[in-house]
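Read the structure below first, then the notes.
The values are calculated or read from the model by the stated rules, or taken from the named source; none is laboratory data. In this text, all values refer to a predicted model and were calculated from it rather than measured experimentally. Ideal geometry is used to build each Cβ from the backbone, glycine not excepted, and the neighbour counts take in all protein chains shown. We work out accessible area using only protein heavy atoms, side chains counted, and drop any ligands, DNA or RNA first. Shrake-Rupley method; radii C 1.70, N 1.55, O 1.52, S 1.80 Å.
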Amino acid sequence: MSTSQMIHYAVANREILIPNFIVIATTLVLTLLLFAKPIEKSSWWAATAIPLASIIGSGFLVVAPILQMSMGVYAPFAMTGLVTVAYLIGAAIRFNIHHVEPKLAAGTLHPAPHTLEILSQWALAFAYVVSVTYYLALFGDFALRGVNVVNPILSHTITTAILIFIAVYGRYRGFNFLGRFEAVKLGIIGGLLAGLAYGNYHAWAQQLWHLPPVKEPTLHDWRIVLGMLIVVQGFETSRYLGDKFPPMLRIRTMRYAQWISAGIYIVYITLMLYYFNYPLPPEGQDTAIITLSRHVATVLPVMLLALALIAQFDAAIADAQGGAGLFEELSKRKITVNTGYIIIAVGGILIVWSSNIFQIITYASQAFAVYYMLQSMVAALTAAKHEDIPHRWPKFFGFALVASLAATVVIFGIPAGG
């Protein structure tokens, strides 16, 4: 081998090794940090991990390809808009934790917001059952795709087995390990972001960095963005964890979960802009980011496959916890949280073996948007009808505006491919 060939070989190896080292090292450091006893054993992390797990679920894997196709260079602005709307809706739900929950318990909530509260809970109950099933259906698909197998029957069987596990384990043990899954997931995401940051820097240093061609979004594209509110769904699980955590802790940790997830989503989409120059692979949107990630670091496709499996599983568990708590509240404690897991599993098994699951997912997305609209209306009417609410009229108008934003999603939002 000549000297020039040796130099070329060394440079090529360095360009492969450096991003892989950065990705792996960042993943390990962040994961070990989150596994530290003071964090792992803290109640604030446990209360943060549940909504955070649901927010950063399957949506994290599909959001970049969808925004690449629909918004192009405007993707970071669209993502910022989504997390902002989600945070405003979260403010309405935090208000309801603080003011509506005690009035419901005392039987003093005004009939108008009380009726809307019941309607919103039934909408969410339907959405939770379907979202848990959807996450686990994706889990089955990703697991089989990892070994190059495409078998719908086997995928449905895997999903059914995990639903049964959720019913049994939730019924008799409860789920107290979600923080550990979240630590691993955030570690991998941190590694991905570090790899993307290095890739952007390397492209800039080599004078190769450039934005993808500008794409002017159409009305249809904007409707897809509105429908993507489901991507940042999950913060509402804090509303139904009253059997585990006190109200003020749930309010504070819901904020933490939304702040952390918003930062991750915005940074992720911004760093992906350069990689939008690469053509999307021909496979479905759910695995496109795994294929694209090989341009960042050769180790990332395997790591993102692991992330996909963890994301589906812990998002399903988080929504199952929220759903089980919701069934207890809807039944006025005639149905326990433990029994709620069984209801979710039975409903999920019925759905997963139907041929219309993805059509039902579309309905579930709308159900989440309806729930957000109704919860914002509950907050607005509670502020208007109860004189003990401080600054009640500004809050009424603010939450009414948030309700109108959620209504816009209900009316105009469509799923990707819709």
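Annotations
- Separation of the Trp259 and Ser331 label points, Cα + 7 Å toward Cβ, nm: 3.7
- In degrees, nearest ten, helix 152-172 long axis to first principal axis of the chain (Cα): 50
- Ordering of 71-80, 340-349, 365-374, 17-26 by packing is 365-374, 340-349, 71-80, 17-26, highest average first (other Cβ atoms within 10 Å, averaged per residue).
- Estimated vicinal HN-Hα couplings, Hz - the stretch 30-39 in sequence order (Karplus 6.51, -1.76, 1.60; Gly, Pro = x): 5, 5, 5, 4, 6, 7, 4, 3, x, 7
- Net charge of neighbours whose Cβ lies under 13 Å from the Cβ of Thr382, counting Lys and Arg as +1 and Asp and Glu as -1: +1
- The count of lysine pairs in the chain with alpha-carbon distances below 22 Å, taking only pairs 8 or more places apart or on different chains, stands at 12.
- In this label model, Ser42 and Arg180 are separated by 2.0 nm, measuring between points 7 Å along each Cα→Cβ vector.
- Per residue solvent-accessible surface (Å²) - the stretch 288-327, probe of 1.4 Å: 21
- A 1.4 Å probe, protein heavy atoms only, puts the accessible area of Tyr256 near 70 Å².
- Along the chain, longest interval not containing exposed trypsin sites (Lys or Arg not before Pro), exposed being DSSP loop plus at most 16 other Cβ atoms within 10 Å: 42-172
- A 1.4 Å probe, protein heavy atoms only, puts the accessible area of Ile310 near 30 Å².
- With both labels modelled 7 Å from their Cα along Cα-to-Cβ, the Tyr201 to Leu17 distance reads 1.8 nm.
- Nearest-0.05 FRET efficiency for Asp243 and Tyr278, computed from C-beta distance (R0 51 Å): 0.65
- Measuring only protein heavy atoms, the 1.4 Å probe finds Thr336 accessible over about 60 Å².
- For Ala106 and Trp393, a Förster radius of 22 Å and the Cβ-Cβ distance give a FRET efficiency of 0.40, rounded to the nearest 0.05.
- Compared with the dominant principal axis of the Cα atoms in the chain, helix 111-145 is inclined by about 30°.
- Rounded to whole Hz, the Karplus (6.51, -1.76, 1.60) HN-Hα couplings of the stretch 396-410, x for glycine and proline: 4, 5, x, 6, 5, 5, 4, 4, 5, 5, 5, 5, 4, 5, 4
- Mean ellipticity per residue at 222 nm, deg cm²/dmol - from DSSP H runs of n ≥ 4 across the chain, formula -39500 (n - 2.57): -25500 deg cm²/dmol
- The apolar share of the surface of the chain, taken as the fraction of accessible area on carbon and sulfur atoms (1.4 Å probe, ligands and nucleic acids excluded), comes to 70 percent.
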